[in-house]
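The values are calculated or read from the model by the stated rules, or taken from the named source; none is laboratory data. Model, not experiment: these values are computed from the prediction. For neighbour counting, all protein chains shown are included, and Cβ atoms are generated from backbone atoms with ideal geometry for every residue, glycine included. Side chains included, ligands, DNA and RNA excluded: accessible areas come from the protein's heavy atoms. Shrake-Rupley method; radii C 1.70, N 1.55, O 1.52, S 1.80 Å.
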Amino acid sequence: MLENKSGDSSAIHIPPATGSSIINIGTGERIASVLGGLALASLGVRNMKKGKGIALLLGGGYLLTRGLVGYCAVNHALHRNTVSKNASAIQVSRAFTINKPRAEVYAYWRKLENLPRFMKHLSEVKETDATHSHWTAVIPRGLGTVSWEAEIVEDRADEYIFWQSLPGSTIDNAGEVTFKDAPGQRGTEVHAIISYRLPAGDVGALAAKLINPVVELLIQEDLRRFKNILETGEIPTAEGPSGRLQDKVRSKLKKFKQSYQHHNYEGPMLERH
Amino acid sequence: MKALCWNGINDLRVETVPDPVILNPQDAIIRVIMSSVCGSDLHLLGGYIPTMKAGDIIGHEFIGEVVDIGKEVKKLAKGDRVVVGSIIGCGECSYCSTGAWSLCDNSNPNAALLEKVYGATSAGIFGYSHAFGGYAGSHADLIRVPFADKGAFKIPEGLTNEKVVFASDALPTGYMAADMAGIQSGDIVAVWGCGGVGLMAIQCAYLLGAERVIAIDRIPERLRMANEIAHAEVLNYEQVDIQEALKEMTGGRGPDRCIDAVGMEAHSPGIDYMYDRVKQTLRLENDRPIVLREAAVACRKGGTLSVVGVYGGFIDKFPMGAVMNKALTIRTGQMHAQKYIPKLLTHLAQNELDPSFLLTHLWPLSRGAEGYDMFKKKKDKCLRVVFTPN
Ligand SMILES: NC(=O)c1ccc[n+]([C@@H]2O[C@H](COP(=O)([O-])OP(=O)(O)OC[C@H]3O[C@@H](n4cnc5c(N)ncnc54)[C@H](O)[C@@H]3O)[C@@H](O)[C@H]2O)c1
Ligand SMILES: [Zn+2]
Ligand SMILES: [Zn+2]
């Protein structure tokens, strides 16, 4: 939502193109990638609420673009070369206010091993030294795990953390979080910008565009859980003996949203990428 | 356990469902002693609040006995008799910690959904649709209460169940209506709606210093109660022109404070009722703002509209010109149960308030569907049916 509106905060970081952004796959593999990618991405959308979706989505988006971009390379090599390098980054920016002192909020995030408590797609983060860490995300349904190394590039106590994956990661990604005092003794404003890079090219940009809103929601809910945990020590849930027909409700929710969007002013603040 | 489940518009059934369990450290499980119907449930029955799902347990106004507690529950113990506020608050976010419990940031598991439609989430509410959290309601043998130390209050010895059950919802809502009205000495307060909420608003308006209260409805026995028990002057909107009558009764000024205790399903004999009814049926308008319009025009210059009647979406033809040019203040909200309940328990114990007359029917839960039908159609002089699941 607050896309590029971080105000005075520093330039937005996008992970440099490394590993997956280099095209080196054969036709058979590309077709498999496209099919597998579509399946994963749609699974991801369906699993969004359970918080498992992001790994599926990213994995799906990754495979999807890998396959499609490979195809483009063969047939439209020239065209592909004209595409801007940043177009295929997925980038989400969200802000929350947490009713706790800034030092406490910063410290919880800085201990990266806490992240899987509220970032549902992560199964583990291990800090290997003062600035390096090993991250693992599980792709549900036995589809394996994805892991990568990350480095804290900039760290200012109680104010700012910026990390990014090391060159050669399966999914290049980066994150920066800014912590500020909220006015009127309302605790701390947390502003997070998380980005993922998909393989470069036309189709990569298209996939990023399609996946971005979904990833936005997932990251927004990650941050909400961060707030829930810091403020109350627990994450609210309504599981239990209520409701039966899951799908009927889904379509109702959708209609509910649509009926409102119909009336809503969608100004520049709400514009999505 | 047995529970009263919503299965579609005007389709309620008592069903056997799994027992609730402790899911979070601050949860408690309560065995329900009494659970009341509320006007808000009628919006669910009529299909005006979307995101209900077949099998949802409804009910949110209740008292019970603590049977299990999570490991972070410190103030409650098994066996405690408690009254639980209908709206869930964490007690820690910036809203809860300043008394605005119904605006809680942390109690609605489906916060993202309300954020999309309202721009921000509201608190979770028991048995009140998935947009408001999807929590199981209280028309059941057992109910899980999150943030139990914050929302469940021990009932003082000597207070009867009949008297205290409405301290869960109708009474704090009526109290908040009077509180938001900002009553000053000498004020004349008009209350639209003489259901449980309106009747409580009348009593609380007097408690907070109103000089006179004028109550408006059309149902004879409700008007009689408003007059005989709550001591309001009463107007039947089917028999008199409300604008004329209110002017006449207030020396031509209009009421100083106007309370809407009716909400989105208001009824009216006038032409605007048909207009809104048709638009609402076609879903071009979610809510019928008949009382809001009437109150905005009736209110004296510089007065206050206090709105506790529930609205869900959009309204048409609201006289903003009257609000602006008469410099009215509008205050509204779902009630902040946790802020008011302790104070209200004291008023009850000291006999300064007694809502027990709202309880016109005490029925077993097996008659749940029948009870709602009676309440909805206002049959048999029903004001509130209270179920006794156990
Ligand atoms: N804000 C909150 O937290 C909160 C809590 C509980 C209930 N409520 C809301 O308060 C409202 C009343 O609840 P209730 O339990 O008393 O409901 P109820 O159905 O028992 O009473 C509503 C009354 O309004 C009367 N009415 C209808 N149209 C009218 C009109 N044009 N003028 C005057 N009176 C009219 C009806 O005849 C009825 O007596 C509902 O909208 C309910 O959703 C809000
Ligand atoms: Zn209610
Ligand atoms: Zn809260």
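Below is a table of values for the structure above.
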{"read-out": "Residues (more than 16 Å from ligand 2 (Cβ to nearest atom), more than 8 Å from chain A (Cβ to nearest Cβ) and within 16 Å of B:Ile49 (Cβ to Cβ)) located in the range B:117-153", "value": "B:Tyr118, B:Thr121"}
{"read-out": "B:Glu61 vs. criteria of a type outside the set (Gly, Ala, Ser) and open to solvent by less than 10 Å² (accessible area, probe 1.4 Å)", "value": "yes"}
{"read-out": "The lone exception for A:Pro167 - which of (1) at pLDDT below 95; (2) assigned to a strand (DSSP E or B); (3) not charged (D, E, K, R) it fails", "value": "(2)"}
{"read-out": "Residue list for the range A:116-152, restricted to those being in a strand (DSSP E or B) and either in contact (Cβ under 8 Å) with a residue 60 or more places away in the chain or on the phi > 0 side of the Ramachandran plot (or both)", "value": "A:Ala137, A:Val138, A:Val146"}
{"read-out": "Scope the range B:59-90; condition within 12 Å of another protein chain (Cβ to nearest Cβ) and basic (Lys, Arg); matching residues", "value": "B:Lys71"}
{"read-out": "The range B:284-314 - residue that is over 17 Å from the mean Cα position of the chain (by Cα) and among the β-branched types (Val, Ile, Thr) and, of those, most open to solvent (accessible area, probe 1.4 Å)", "value": "B:Val297"}
{"read-out": "Every residue from the range B:259-273 that is small (Gly, Ala, Ser) and either without any contact (Cβ under 8 Å) to a residue 24 or more places away in the chain or not assigned by TED's automatic domain parsing to the domain that holds B:Val297 (or both)", "value": "B:Gly270"}
{"read-out": "Residue within the range B:42-58 that is among the aliphatic types (A, V, I, L, M), buried (at least 21 other Cβ atoms within 10 Å of the Cβ), closer than 27 Å to A:Gly233 by Cβ and within 13 Å of another protein chain (Cβ to nearest Cβ) present", "value": "yes"}
{"read-out": "Subset tally (residues that are touching a residue at least 60 places away in the same chain (Cβ under 8 Å) and either touching a helix residue (DSSP H, G or I) at 6+ places or on another chain (Cβ under 7 Å) or open to solvent by 60 Å² or more (accessible area, probe 1.4 Å) (or both)) for the range A:154-178", "value": "7"}
{"read-out": "Single match in B:Gly64, B:Gly85 (criterion: away from ligand 2 (no atom under 16 Å from the Cβ) and either more than 24 Å from A:Lys227 (Cα to Cα) or touching a helix residue (DSSP H, G or I) at 6+ places or on another chain (Cβ under 7 Å) (or both))", "value": "B:Gly64"}
{"read-out": "Among (1) farther than 30 Å from B:Gly124 by Cα; (2) in contact with a Leu (Cβ under 9 Å, 6 or more places away or on another chain) - the single one A:Phe162 does not satisfy", "value": "(2)"}
{"read-out": "Candidates B:Arg224, B:Arg253, filtered to the one that is open to solvent by 60 Å² or more (accessible area, probe 1.4 Å), part of a loop (DSSP other than H, G, I, E, B) and out of contact with any Gly (no Cβ under 7 Å at 6 or more places or on another chain)", "value": "B:Arg253"}
{"read-out": "Candidate set: the range B:99-116, residues that are open to solvent by 10 Å² or more (accessible area, probe 1.4 Å), assigned to a helix (DSSP H, G or I) and in contact (Cβ under 8 Å) with a residue 24 or more places away in the chain; chosen: the one nearest to the other protein chains (Cβ to nearest Cβ)", "value": "B:Leu113"}
{"read-out": "Test: residue in the range B:341-360 that is modelled with pLDDT of 95 or more, open to solvent by 50 Å² or more (accessible area, probe 1.4 Å), in a helix (DSSP H, G or I) and of a type in the set (D, E, K, R)", "value": "yes"}
{"read-out": "Wholly enclosed strands (runs of 3 or more DSSP E) of the range B:139-215 bearing at least 1 residues within 16 Å of ligand 3 (Cβ to nearest atom) and either open to solvent by 10 Å² or more (accessible area, probe 1.4 Å) or touching a residue at least 60 places away in the same chain (Cβ under 8 Å) (or both)", "value": "B:142-145, B:152-154"}
{"read-out": "Residues that are out of contact with any Lys or Arg (no Cβ under 8 Å at 6 or more places or on another chain) and closer than 10 Å to A:Tyr196 by Cα, drawn from the range A:166-177", "value": "A:Ala174, A:Gly175"}
{"read-out": "Criterion violated by B:Val21 - all others in (1) within 13 Å of chain A (Cβ to nearest Cβ); (2) open to solvent by less than 30 Å² (accessible area, probe 1.4 Å); (3) of a type in the set (A, V, I, L, M) satisfied", "value": "(2)"}
